[in-house]
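> This structure is in structure tokens; I'll ask about it shortly.
The values are calculated or read from the model by the stated rules, or taken from the named source; none is laboratory data. Since we're looking at a predicted model, the values are computed, not measured. Here the Cβ positions follow ideal geometry from the backbone for every residue, glycine too, while neighbour counts run over all protein chains shown. Each accessible area value is taken on the protein alone, full model and side chains, heavy atoms only, with ligands, DNA and RNA left out. Shrake-Rupley method; radii C 1.70, N 1.55, O 1.52, S 1.80 Å.
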Amino acid sequence: MSLLRKIVWFIEGHLNRNIGLGEIARAVGIGRFHATRLFGAMTGQPLMAYVRARRLSEAAKVLMGGADILDTALGAGYGSHEAFSRAFRAQFGLSPSALRDPAASRTLKLVEPYPVTDTHSLPDQTPRKVSAPGLSFAGISGHYSVRDVSGIPGQWQRFRPYIGNIDGQKGRVTYGISYNFQSKEDFDYMSAVEVQPGSTAPDGLTTLTTPAHTYAVFTHEGHVSGVSDTWRHIYDRWLPASGLHMAHAASFERMDERFDGSTGNGIVEIWIPVM
């Protein structure tokens, strides 16, 4: 059973109480950070937001059957009528009592269990471990939600004219850096090149310095549009099988001379920070 399937299975079996991120992560044998990144990468939605939506959706079905609101709240793991009503209104935009109107029930947007299917089969990989020094980057950075990363290709288009024209640039290797995971829902992504430490970025660009770290390095081969499948396999299968544990630090997509930026074809290395 894949990690995603285990996560969804555990959530579905515990919708009657307030389960937390730590409990979910322990149940499937991974860290909290790994659990949030895995679920976000594979489903496009934040893990704990999904948990809340599922609990409230099941509660809404019970209410539509005519159940008492307080009994439903307690059965869904909420300690009071008030707490349940606040959460319900935040999720659906109406109060639990509104479901007494059949018209409200028909327009309710319920969240059903995530349909877990196996990802496309990819060759097994044994990652190599790399101890990298602190690195300095210059590039264009954007803020994204795990729900929508559609702006990243356009960000790369805006960055490409800068490549080779940045003072202090070291070679022509490009990096897609995911970092600054300050919440479970969003992160920053930088399209970048490595630069000499202390370099000043041109107008329109920003800089980023990462500390020395150890990485597990995987490879994606083919068109870059399929890189999300490789990320899913890393989080769901290869990383757990490696016996390594993901660290709360920046991850890289590293593109050297084996990758053709004009066609999107070639090899992309994926560097995962590990402890």
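> Return the equivalent ellipsoid semi-axes of segment 38-83 as a descending list in whole Å, where each equals the square root of 5 times an eigenvalue of the C-alpha gyration tensor.
Working: eigenvalues 132, 27, 7 Å².
In descending order the semi-axes read 26, 12, 6 Å.
> Shifting gears a bit: Hey, which aspartates and glutamates would be in cross-link range of K6, C-alpha to C-alpha under 20 Å, not counting anything within fewer than 8 residues on its own chain?
Hits, sequence-local ones excluded: E23, E58, E112, D118, D229, D236.
> If you add up the charges near V217, with Lys and Arg at +1 and Asp and Glu at -1, over every other residue whose beta carbon is less than 10 angstrom from its beta carbon, what do you get?
+2
> Further question on the same structure: Using a Gaussian network model of the chain with C-alpha springs under 10 Å, which one of N16, N180, N165 is most mobile by mean-square fluctuation?
N165
> Next question. Mind checking the per residue accessible area of the chain for me, 1.4 Å probe, whole number of Å²? Write down the numbers at each step before the final one.
On the way: 13500 Å² over 275 residues.
On a per-residue basis, 49 Å².
> Ok, one more. Cβ under 15 Å from G204's Cβ, G204 left aside: what net charge do those residues give with Lys, Arg +1 and Asp, Glu -1?
Values: positive: R158, R160; negative: D167, D203.
Charge balance near G204 sits at 0.
> Using a cut-off of 13 Å between beta-carbons, work out the net charge of the residues near E58 (Lys and Arg +1, Asp and Glu -1, E58 not included). Intermediate values should be presented prior to the final figure.
Details: positive: R17, R52, R54, R55, K61; negative: E12, E112.
It works out to a net charge of +3.
> Moving to a separate point now. In whole Å, what are the Cα extents of segment 1-65 along the three principal axes, biggest one first?
37, 21, 20
> Over the Cα atoms of the chain, what is the Rg over Rh ratio if Rh follows Kirkwood?
Details: Rg = 21.9 Å, Rh = 20.8 Å.
In the chain, Rg relative to Rh is 1.05.
> Provide the solvent-accessible area of K170, counting protein heavy atoms only and rolling a 1.4 Å probe, rounded to the nearest 10 Å².
Its heavy atoms expose roughly 80 Å² to the probe.
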